[in-house]
Amino acid sequence: MQLPFAESFKIKMVETIQKSTRPEREQWIKEAKYNLFNLKSNQVFIDLLTDSGTGAMSDKQWSELMLGDESYAGASSYYKMKNAIQAILGFPYFLPTHQGRAAENVLFSVLVKEGMLVPGNSHFDTTKGHIEFRKATAIDCTIHEAFDTTVYHDFKGNVDLEKLEMVLKSNPLEKIPMIIMTITNNSAGGQPVSMQNLRDVYALAQKYGIRVVFDSARFAENAYFIKMREKGYENKSIKEIVQEMFSYADVMTMSAKKDAIVNMGGFIGFKDEELFKQASVFGIVFEGFITYGGMSGRDMNALAQGLDEGTEFDTLDSRIKQTAYLGSRLKEFGVPMQEPFGGHAIFVDVKRFLPHLPKEEFPAQTLAIELYLEAGIRAVEIGAIMADRDPITRENRFPDLELIRMAIPRRTYTNNHMDYVAVALGNVFARRNEIKRGVKIVKEAPIMRHFTVELERL
Ligand code: F0G
């Protein structure tokens, strides 16, 4: 008999989580103005809001905290992080930042000016936010298969090379400071980009003399999918695949809260010393001196250790198989999802889950609220609320995909928790026709409104 899959870790410390009753949740979500970001964490039983900063560090990472060097300048922790970034990712220069969006802020302060265009596969919302905040435009060149959840494609994070070349051909090149490749493509459902596509994008970029930046939050998961799905990589180690992936990038931004498995931290990696020097100026203004940039020494140590663990096959195998386990359980209940399942999360296709709700009533947010009421599970809307208004027309934008994302923290929940989530969402699916109305916006911020939006149920 073939042995079943089992995780490559055991648990050394536990944290209690709270169950609640439906009347309690009715009250709490109302007080939270139907925005799940406003809930207190003890009002949530299973928290799938994000896999960012919510993972469990290893015993080795916790040990590294004790070895942190908190010197203002030249800390050994800085050099530990520098060596890990050089050895694992191949970037000789780097700036620490307190998280991923801070890396975007520092880098884009050098590169992005009003009126510029930044093509790529789907930009994450903070990336797009930092581009639009500078009155520039993010252009999504992701392959069309990514926007149809019923189509199978091994690499739905890929860029459509023709779409991309059209942008490069039909605009003055000085208006295009970079191409951004988000690996994995979070907005399309945690979908990977193939090595072939990374190679092709880089070749195209070189032809036009444009730099390539990887938004690398989940680069290791991307490498895992390349190993499992792309011909020629099945016998390569994750670290070998990672090396090749980053050979097709000039710069990387990193939210280390994901694949480096730390609670806080990020960085920018550079191959070009001149760009590193220019960015250092903004790094110092926004984040801190070059050798700590918004991070404690102990956190830089944990990050360096996390980069090593996060690029081990067994770590990734446990993680991505857990995501797939939740997906396969939900499939039994008929729940429509983005497929193939992504690395860090299951994305539920709400247009197919609640087809009777008009888009103006924000069906994905409505479903996230229903799932919370059902079982105290917190997911996140990735739909029209997160898409914000068009910066010029101020009309609501309605993206092709209206999703809820259930992101799975690394090494945190067991498969019993996944079963609980699957049954809860299965129950909501069974009574989906009783969900007759959605929500309306009462108050919203001009940009990245989903964090603070206030809603009412219709
Ligand atoms: N890029 C990607 C692809 C991301 O997923 C995120 C964050 C960032 C950049 C920004 O990094 O949060 O460290 O400032 N994603 C989190 C998420 C918030 O829930 O997917 P950050």
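The values are calculated or read from the model by the stated rules, or taken from the named source; none is laboratory data. What you see is a predicted model, and the numbers here were worked out from it, not measured in a lab. Quick reminder, even Gly has a Cβ in these numbers, built from the backbone with ideal geometry, and neighbours come from all protein chains shown. SASA here: full protein model, heavy atoms, side chains in, ligands and nucleic acids out. Shrake-Rupley method; radii C 1.70, N 1.55, O 1.52, S 1.80 Å.
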Checklist line | Sole exception among (1) in contact with a helix residue (DSSP H, G or I) (Cβ under 9 Å, 6 or more places away or on another chain); (2) closer than 24 Å to Gly383 by Cα; (3) within 16 Å of the ligand (Cβ to nearest atom) for Lys40, by number | finding: (3)
Notebook entry, point to check: Is one or more of the residues making up segment 401-410 in the same structural domain as Val453 (by TED's automatic domain parsing), within 16 Å of Gly190 (Cβ to Cβ) and more than 13 Å from the ligand (Cβ to nearest atom)?
Noted result: yes
Check: What number of residues within segment 258-277 are more than 15 Å from Gln86 (Cβ to Cβ), open to solvent by 30 Å² or more (accessible area, probe 1.4 Å) and either near the ligand (Cβ under 10 Å from one of its atoms) or touching a residue at least 24 places away in the same chain (Cβ under 8 Å) (or both)?
Finding: 2
Note to self: Yes or no: segment 64-76 includes at least one residue that is open to solvent by less than 20 Å² (accessible area, probe 1.4 Å) and modelled with pLDDT of 95 or more.
What the structure shows: yes
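When the residues of segment 379-396 are filtered to those that are among the β-branched types (Val, Ile, Thr) and within 15 Å of Gln365 (Cβ to Cβ), which remaining residue is farthest from the ligand (Cβ to nearest atom)?
Here is the first cut: in segment 379-396, the residues among the β-branched types (Val, Ile, Thr) are 380, 382, 385, 392-393.
Next, only the ones that are within 15 Å of Gln365 (Cβ to Cβ) stay: 380, 382, 385.
Working: Val380: 7, Ile382: 9, Ile385: 15 Å.
So, considering only residues that are among the β-branched types (Val, Ile, Thr) and within 15 Å of Gln365 (Cβ to Cβ), the one farthest from the ligand (Cβ to nearest atom) is Ile385.
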Next item on the list: Could you please give the count of residues in segment 77-108 that are more than 10 Å from the ligand (Cβ to nearest atom), open to solvent by 30 Å² or more (accessible area, probe 1.4 Å) and either polar (S, T, N, Q) or touching a Lys or Arg at 6+ places or on another chain (Cβ under 8 Å) (or both)?
Entry: 4
Next item on the list: For Ser58, state whether it is of a type in the set (S, T, N, Q), more than 16 Å from the ligand (Cβ to nearest atom) and open to solvent by 40 Å² or more (accessible area, probe 1.4 Å).
Entry: no
Check: For residues in segment 207-223 being away from the ligand (no atom under 16 Å from the Cβ) and of a type outside the set (Lys, Arg), which is surrounded by the fewest Cβ atoms within 10 Å (Cβ to Cβ)?
Finding: Gly209
Item checked: Pairs, first assigned by TED's automatic domain parsing to the domain that holds Ile139 and more than 14 Å from Glu339 (Cβ to Cβ) in segment 178-191, second open to solvent by 10 Å² or more (accessible area, probe 1.4 Å) and more than 11 Å from the ligand (Cβ to nearest atom), C-beta under 7 Å, six or more apart -> Met178/Leu111; Met178/Ile210; Met178/Arg211; Ile179/Ile210
Checklist line | Residue check for Ile392: open to solvent by 10 Å² or more (accessible area, probe 1.4 Å), of a type in the set (A, V, I, L, M, F, W, C) and free of Cβ contacts under 8 Å to residues at least 60 places away in the same chain | finding: yes
Next item on the list: State whether one or more residues within segment 129-139 are open to solvent by 10 Å² or more (accessible area, probe 1.4 Å), within 20 Å of Asn222 (Cα to Cα), near the ligand (Cβ under 10 Å from one of its atoms) and touching a residue at least 12 places away in the same chain (Cβ under 8 Å).
Entry: no
Next item on the list: Quickly run through segment 278-311 and pick out the residues that are more than 18 Å from Val251 (Cβ to Cβ), in a helix (DSSP H, G or I) and open to solvent by less than 30 Å² (accessible area, probe 1.4 Å).
Entry: Gly297, Met300, Asn301, Ala302, Leu303, Ala304, Gly306, Glu309, Gly310
Notebook entry, point to check: Among the residues of segment 175-186, is there at least one that is open to solvent by 40 Å² or more (accessible area, probe 1.4 Å) and over 22 Å from the mean Cα position of the chain (by Cα)?
Noted result: yes
Next item on the list: Among what's in segment 109-124 and is within 19 Å of the chain's Cα centre (by Cα) and either closer than 22 Å to Asp259 by Cβ or open to solvent by 30 Å² or more (accessible area, probe 1.4 Å) (or both), pick the residue that is nearest to the ligand (Cβ to nearest atom).
Entry: Phe124
